[in-house]
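Following: one structure in structure tokens, then a few remarks.
The values are calculated or read from the model by the stated rules, or taken from the named source; none is laboratory data. Fair warning: this is a prediction, and the values are worked out from it, not measured in the lab. Every residue, glycine as well, gets a Cβ built from its backbone with ideal geometry; the counts of neighbours run over all protein chains shown. Heads up: the accessible areas ignore ligands, DNA and RNA and are worked out on the full protein's heavy atoms, side chains in. Shrake-Rupley method; radii C 1.70, N 1.55, O 1.52, S 1.80 Å.
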Amino acid sequence: MSSRERILGRVRRALADAPSEDTPIERAYLREHGDRSVEETVELLAENLADYRAIVHRCTAADLPATLAGMLAARGSKTVLVPPGLERSWLAEADTEQVPDLVETTPHELDRIDSVVTACAVAVAETGTIVLDGGPDQGRRRITLVPDHHICVVRVPDQVVSSVPQALERLDPVSPLTWISGPSATSDIELDRVEGVHGPRTLEVVLVDTQVSAEVNS
């Protein structure tokens, strides 16, 4: 008997009493920790984003174009990468060259772009995590990993959930999911932190209160 056959035999014996694929899986874990209002959930998200060293901004939908323009100006950005489905009005007041997300764009060309602005799929309050799923207003994964500055817009409260289980219910598992908890960072054995190794060095998150604009327009 070969080593391969022995290993496969052990695997078969270990799986002999495993439940079938049709057996329902018990999910008795907590779906969220604590009973929070919508406002408290959004506040928790903002706190955890800041704890991960993301820069958090808050505004209404009506103020979003001016807010984004001010953020790009403060950064000194001359070029901004724009996903194909991003709402055009968001960057209407920005004094920057808007660069489209093209398949033929090389990583070196992406690296020369100052900033990228995207929306998100969902934001998780308990972990301070932003999730992108490659939707039209988020673009391909690489456009948020190569440029050094990422601005992500989160619609509040529609895109904010308390926990990871709640976020997973909104996401398609076959989509190219990117989970972002603060700017890219790593550390060596001596815990010296280095940012910008695996993605943008600076992450700015704009929490846009869509309810205020809805109330004003009603």
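Each residue of the range 170-182 was assigned a 3J(HN,Hα) from its phi angle through the Karplus curve 6.51 cos²θ - 1.76 cosθ + 1.60 (θ = phi - 60°); the sequence is 8, 9, 8, x, 8, 6, x, 7, 10, 9, 10, 10, x Hz, with glycine and proline shown as x.
Decide, for the range 86-127, between rounded, prolate and oblate: order the square roots of the alpha carbon gyration tensor eigenvalues as a ≥ b ≥ c, take rounded if a/c falls under 1.5, and otherwise choose prolate if a/b is larger than b/c, else oblate. Verdict is oblate for the range 86-127. Sorting the segments 96-104, 11-19, 145-153 by their residues' average number of neighbouring beta-carbon atoms within 10 angstrom, most packed first, yields 145-153, 96-104, 11-19.
Helical content of the chain, expressed as a calculated mean residue ellipticity at 222 nm, amounts to -7500 deg cm²/dmol (DSSP H runs of 4 or more residues, -39,500 (n - 2.57) each, divided by residue number, nearest 500). Rounded to whole numbers, the Karplus 3J(HN,Hα) couplings from phi for the range 77-91 are 6, 9, 10, 9, 7, 10, x, x, x, 5, 4, 4, 5, 4, 10 Hz, using 6.51 cos²θ - 1.76 cosθ + 1.60 with θ = phi - 60°, and x at Gly and Pro. When the solvent-accessible area of the range 1-102 is split by element, carbon and sulfur atoms take up 51 percent of it, the probe being 1.4 Å.
For the chain, what is the percent of antiparallel DSSP beta bridges, rounded to the nearest 5? Given both bridge residues lie in the chain, the antiparallel proportion sits at roughly 25 percent.
Restriction of the trypsin sites (Lys or Arg not before Pro) in the range 59-106 to DSSP coil positions whose beta-carbon has at most 16 other beta-carbons within 10 angstrom yields Lys78. Rounded to the nearest 5, the antiparallel percentage of DSSP beta bridges internal to the range 25-136 is 35%. Name the shape class, rounded, prolate or oblate, that the alpha-carbon gyration tensor gives for the range 1-127, where a ≥ b ≥ c are the square roots of its eigenvalues, rounded holds for a/c under 1.5, and otherwise prolate holds if a/b is larger than b/c and oblate otherwise. Oblate, since a/c reaches 1.5 and b/c is not below a/b.
When each of the peptides 60-68, 119-127 is scored by how many other beta carbons lie within 10 Å of its residues on average, the order from highest to lowest is 119-127, 60-68. Extension gain, Asp17-Arg53: 0.36 nm per intervening residue step, less the Cα-Cα distance, totals 8.3 nm.
Here each label is just a point 7 Å from Cα along the line to Cβ, and for Asp111 and Glu93 those points are 3.5 nm apart.
For the range 48-151, the relative contact order comes to 29 percent (Cα pairs under 8 Å, sequence separation of at least 6). The residues of the range 120-177 expose, per residue, 35 Å² of accessible area to a 1.4 Å probe.
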